[in-house]
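To start, the structure itself, in structure tokens.
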Amino acid sequence: MSLFSKLDVPEDLVRGLDALGISTPTSIQASAIPFLIRDGGDLVAQAQTGTGKTAAFGLPLLTKIDPANPKLQALVLSPTRELAKQIGKALFQYTKFSQSKIFVEVTGGGDKIGEQVARLKRPTHIVVATPGRLFDLLELGALQLDSVRHLVLDEADEMLSMGFRKEVVRIVERTTSRRSTWLFSATFPEKIQRLIADSMSADPKVIKVEKADVVNRNISHRYVICGREDKDDWLANFLQTQETERGMIFCRTRAGAIKLGSELEKRGVATGVLQGDLSQKDRDKVMRAFKKERTRFLVATDVAARGIDVEGLSFVIHRQLPEKRQYYTHRAGRTARAGKKGVSICLIEPNEKRDITELERELGLAFKPLDSE
């Protein structure tokens, strides 16, 4: 008997998971799926990138849809276009063996709004959208939210930190017939607490992961003590030894990411660079080359990397530690996806060893030097 079957996931969806090679529920899936399928009420869940949260809300959401009803029944809000597309693709894959067709539309900025308006004229059961583009579509009268029964706010902290609070609040207000709101967030700053209080029932189901589970347990956390002027040499040498492995290198600033990408190219290391000044067209070009493995390494800033999902990354390197500690979990979560192993490597200067100690204490991690067994 499938472990997902024991969580009350219907057999057709279990077959879809099997086809994807997904057989063992993650911690957040094991906690959220039974409640959402059996009860389906308001939920507040702590979940990081890479913990399987898409299936945690996506599988139960599919069980709530009536395929015979052509009206919009569920709305998923996502902070970025890339993540929205990832969610839409996952929902499609889960339903591969379903007898009744559930229609999902993805709407995000950067794509032609006219084409999205045309697609939304067809029967649509679930819309996955970024807040800004969804609000544009509402203003155009391209869709109505009065039939939405279930609202999912994915990576809610990221949506608010990107400045979408006004749009999210207005969208919540327009889902007047919703029966439930499911909020997934890695962190719970005051803005999130206020959103929960304003948009959800007084006593939602709360799922909080243990500190040891905040970051994927399949990730090995390592550090290298390296002088600031030696980091580029170390990175170039390390990447040149990675025969077929793929990974991401994080920088704090756009200028730093551009400079590092240029340095690596000079040393013969083909590298894509993702930073906030790129146009959507150029961003898509960089991501397409990385996903198709024409480039095996991607240099990115925290902001530019929001919402991207690339499978099969063996490592993440932090050229500098992130400004905010919660970003470490977002960065590290790019590796060790779908049950695989991965390594997160921090390049630290001698006086930053205390920062590693802080990360260990705050996130319940254990860091080791990279060259240790």
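Restricting the stretch 300-331 to residues that are hydrophobic (A, V, I, L, M, F, W, C) and at pLDDT 90 or above leaves a set whose member that is farthest from the chain's Cα centre (by Cα) is LEU321. A single entry from SER185, SER199, SER161, SER177 fulfils the requirement of being loosely packed, with under 13 Cβ neighbours inside 10 Å, assigned by TED's automatic domain parsing to the domain that holds ILE87 and among the small types (Gly, Ala, Ser): SER177. PHE297 - would you say it is under 18 Å from the mean Cα position of the chain (by Cα), crowded, with 22+ Cβ neighbours inside 10 Å and of a type in the set (A, V, I, L, M, F, W, C)? It is false that PHE297 is under 18 Å from the mean Cα position of the chain (by Cα), crowded, with 22+ Cβ neighbours inside 10 Å and of a type in the set (A, V, I, L, M, F, W, C). Annotation: of all residues in the stretch 210-254 being modelled with pLDDT under 95, crowded, with 18+ Cβ neighbours inside 10 Å and β-branched (Val, Ile, Thr), the one that is nearest to ALA45 (Cα to Cα) is VAL214.
What do you reckon, is THR295 part of a loop (DSSP other than H, G, I, E, B) and either outside the structural domain of PHE188 (by TED's automatic domain parsing) or farther than 17 Å from SER344 by Cα (or both)? Spelling it out, THR295 is indeed part of a loop (DSSP other than H, G, I, E, B) and either outside the structural domain of PHE188 (by TED's automatic domain parsing) or farther than 17 Å from SER344 by Cα (or both). A count restricted to the stretch 48-94 and to residues that are closer than 20 Å to SER23 by Cβ and either surrounded by fewer than 22 Cβ atoms within 10 Å (Cβ to Cβ) or within 11 Å of the chain's Cα centre (by Cα) (or both) stands at 10. Looking at the stretch 63-91, which of its residues are under 12 Å from VAL104 (Cβ atoms) and either without any contact (Cβ under 8 Å) to a residue 60 or more places away in the chain or not assigned by TED's automatic domain parsing to the domain that holds SER23 (or both)? Residues satisfying the conditions are PRO67, LYS85, GLY88, LYS89, ALA90, LEU91.
Residue count for the stretch 113-153 satisfying the condition of being farther than 18 Å from LYS101 by Cβ, free of Cβ contacts under 8 Å to residues at least 40 places away in the same chain and either surrounded by fewer than 14 Cβ atoms within 10 Å (Cβ to Cβ) or not assigned by TED's automatic domain parsing to the domain that holds GLY41 (or both): 7. In the stretch 218-231, is there at least one residue being in contact (Cβ under 8 Å) with a residue 12 or more places away in the chain and either in contact with a Gly (Cβ under 6 Å, 6 or more places away or on another chain) or not assigned by TED's automatic domain parsing to the domain that holds GLU323 (or both)? Looking through the stretch 218-231, at least one residue is in contact (Cβ under 8 Å) with a residue 12 or more places away in the chain and either in contact with a Gly (Cβ under 6 Å, 6 or more places away or on another chain) or not assigned by TED's automatic domain parsing to the domain that holds GLU323 (or both). Looking only at the stretch 223-246, residues that are assigned to a loop (DSSP other than H, G, I, E, B) and more than 27 Å from the chain's Cα centre (by Cα) come to 4 in all. For the stretch 1-33, the set of residues classified as modelled with pLDDT of 95 or more, of a type in the set (Val, Ile, Thr) and not in a helix (DSSP H, G or I) consists of VAL9 only. On the stretch given as the stretch 34-53, residues that are over 30 Å from ARG331 (Cα atoms) and assigned to a loop (DSSP other than H, G, I, E, B) total 3.
Whenever a residue of the stretch 159-177 is farther than 16 Å from LEU137 by Cα and among the hydroxyl-bearing types (Ser, Thr, Tyr), its partners that are modelled with pLDDT of 95 or more and part of a loop (DSSP other than H, G, I, E, B), lying with C-beta atoms within less than 8 angstrom and at least six residues away or across chains, give the pairs THR176/LEU145; THR176/ASP146; SER177/ASP146; SER177/SER147; SER177/VAL148; SER177/ARG149.
Summed over the stretch 255-288, residues that are charged (D, E, K, R), surrounded by fewer than 17 Cβ atoms within 10 Å (Cβ to Cβ) and either outside the structural domain of ILE348 (by TED's automatic domain parsing) or in a helix (DSSP H, G or I) (or both) total 8.
Any residue that is closer than 18 Å to ASP282 by Cα and among the aromatic types (Phe, Trp, Tyr) - is there at least one of those in the stretch 296-315? So far as the stretch 296-315 goes, yes, one or more of its residues are closer than 18 Å to ASP282 by Cα and among the aromatic types (Phe, Trp, Tyr). Could you figure out which of (1) without any contact (Cβ under 8 Å) to a residue 40 or more places away in the chain; (2) surrounded by fewer than 16 Cβ atoms within 10 Å (Cβ to Cβ); (3) small (Gly, Ala, Ser) isn't true of GLY108? Of everything listed in (1) without any contact (Cβ under 8 Å) to a residue 40 or more places away in the chain; (2) surrounded by fewer than 16 Cβ atoms within 10 Å (Cβ to Cβ); (3) small (Gly, Ala, Ser), GLY108 misses just condition (2).
Here the condition is being of a type outside the set (A, V, I, L, M) and within 23 Å of GLY40 (Cα to Cα); of ARG133, ARG149, it holds for ARG149 alone.
The values are calculated or read from the model by the stated rules, or taken from the named source; none is laboratory data. In this text, all values refer to a predicted model and were calculated from it rather than measured experimentally. No Cβ is skipped: glycine too gets one built from the backbone with ideal geometry, and neighbour counts run over all protein chains shown.
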